1. Would it be correct to say that residue 16 is assigned by TED's automatic domain parsing to the domain that holds residue 64, modelled with pLDDT of 95 or more, farther than 14 Å from residue 76 by Cα and out of contact with any Lys or Arg (no Cβ under 6 Å at 6 or more places or on another chain)?
2. Report yes if some residue within segment 184-195 is part of a strand (DSSP E or B) and out of contact with any helix residue (DSSP H, G or I) (no Cβ under 6 Å at 6 or more places or on another chain); otherwise report no.
3. How many of the residues making up segment 185-232 are farther than 21 Å from residue 163 by Cα, free of Cβ contacts under 8 Å to residues at least 12 places away in the same chain and in contact with a Pro (Cβ under 7 Å, 6 or more places away or on another chain)?
4. From the residues in segment 1-24 that are in contact (Cβ under 8 Å) with a residue 60 or more places away in the chain, more than 14 Å from the chain's Cα centre (by Cα) and part of a strand (DSSP E or B), which one is nearest to residue 80 (Cα to Cα)?
5. Based on what the data block shows, is residue 184 over 23 Å from residue 129 (Cα atoms) and at pLDDT 95 or above?
6. In this structure, is residue 107 within 18 Å of the chain's Cα centre (by Cα), in the same structural domain as residue 147 (by TED's automatic domain parsing) and either modelled with pLDDT of 95 or more or not hydrophobic (A, V, I, L, M, F, W, C) (or both)?
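The values are calculated or read from the model by the stated rules, or taken from the named source; none is laboratory data. Quick caveat, the model's predicted, so the values are computed rather than measured. Note that each Cβ is placed from the backbone with ideal geometry, even for glycine, and that neighbours are counted across all protein chains shown.
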Amino acid sequence: MLLAIDIGNTNIVLGVFDGRSLVHSWRLQTVRDRTSDELGLLVEGLFAHSGVVRSRIGAIVMGSVVPPLTGTTAAMVQRYFSVMPLIVDPASNTGMPILYENPAEVGADRIVNAIAAYEQFGLGGVRPLVVCDFGTATTLDAVTAKGEYLGGAICPGVTISADALFQRAARLPRIDVRKPATVIGRTTVGALESGLFFGYVGMVEGLVRRMGEELGGNAICVATGGLATLIAPETGLIEHVDIDLTLQGLRIVWERNQ
């Protein structure tokens with residue numbers, strides 16, 4: 001069995017694969033000063049609760065955008081699993097051509113998302129893709145019909161935008177991100193909900209449309225991340241939603257390195 005670990009700015013997501021099937025997944029809060037032993041005990045607890053036998057994990061693949069936790073997690077893996085993890089390096093071991101000016105600058109999550117989207121939804125090189133990840137930041141990444149990673153756009157995540165409004169405007173309350181009943185808000189909370197939600201949908205639609213045009217048109221849009229299921233129904237531009245896209249991409253990178 002394969003353990004895939006995605007270390008993000010907000011969450012650490014773990015997934016156990018039996019072959020190509022994702023059989024278990026968990027989400028931990030990202031705490032940058034956790035020790036390797038703390039991480040190991042958390043993982044052991046998750047495994048015990050789900051009935052996963054640790055000794056059945058034969059390989060581990062990691063992708064990280066949090067440098068302080070990369071080494072800590074790798075140390076945990078070696079101590080608790082006696083396995084040397086494969087750490088995704090966009091510049092060298094993903095198997096996808098990176099056309100970024102400096103491939104080392106691209107986050108591992110963006111590349112594995114692009115790989116998984118191309119493998120699952122790329123239609124054999126017929127159409128290019130735009131991959132949207134609604135995480136701490138919202139990223140939109142362009143993949144050519146030939147499977148080359150071009151680059152993309154990085155925007156503040158919708159939760160970051162909501163927090164910024166609350167912190168910088170003294171009379172505006174903190175709100176949850178959700179779809180309001182109307183675009184025209186008739187209360188302050190309603191107006192905030194409308195601006196955040198429909199404003200975000202409009203931003204995503206505009207970027208997807210413009211990136212699709214630069215890709216030559218007829219691009220497939222794939223969405224992932226925590227808010228994907230909330231945003232995707234509001235726009236016809238997003239054709240596919242896969243919440244486990246990053247874990248699937250990690251699995252594919254591991255397979256390519258065998």
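1. Details: assigned by TED's automatic domain parsing to the domain that holds residue 64: yes; modelled with pLDDT of 95 or more: yes; farther than 14 Å from residue 76 by Cα: yes; out of contact with any Lys or Arg (no Cβ under 6 Å at 6 or more places or on another chain): yes.
When the stated conditions are applied, residue 16 passes them.
2. Applying the first criterion (part of a strand (DSSP E or B)) to segment 184-195 yields none.
Among the residues of segment 184-195, not one is part of a strand (DSSP E or B) and out of contact with any helix residue (DSSP H, G or I) (no Cβ under 6 Å at 6 or more places or on another chain), which makes the answer no.
3. 0
4. 3
5. yes
6. So residue 107 fits the description; yes.
One line per residue, one yes/no per condition, for (1) in contact with a helix residue (DSSP H, G or I) (Cβ under 8 Å, 6 or more places away or on another chain); (2) surrounded by fewer than 17 Cβ atoms within 10 Å (Cβ to Cβ); (3) among the hydroxyl-bearing types (Ser, Thr, Tyr):
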| residue | (1), (2), (3) |
| --- | --- |
| 3 | yes, no, no |
| 11 | no, yes, no |
| 18 | no, yes, no |
| 32 | yes, yes, no |
| 37 | yes, yes, no |
| 43 | yes, no, no |
| 56 | no, yes, no |
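Per-residue answers, yes or no, for (1) over 30 Å from residue 2 (Cβ atoms); (2) modelled with pLDDT under 95; (3) surrounded by fewer than 14 Cβ atoms within 10 Å (Cβ to Cβ):
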| residue | (1), (2), (3) |
| --- | --- |
| 188 | yes, yes, yes |
| 193 | yes, yes, no |
| 197 | yes, yes, no |
| 218 | yes, yes, yes |
| 240 | no, no, no |
| 254 | no, no, no |
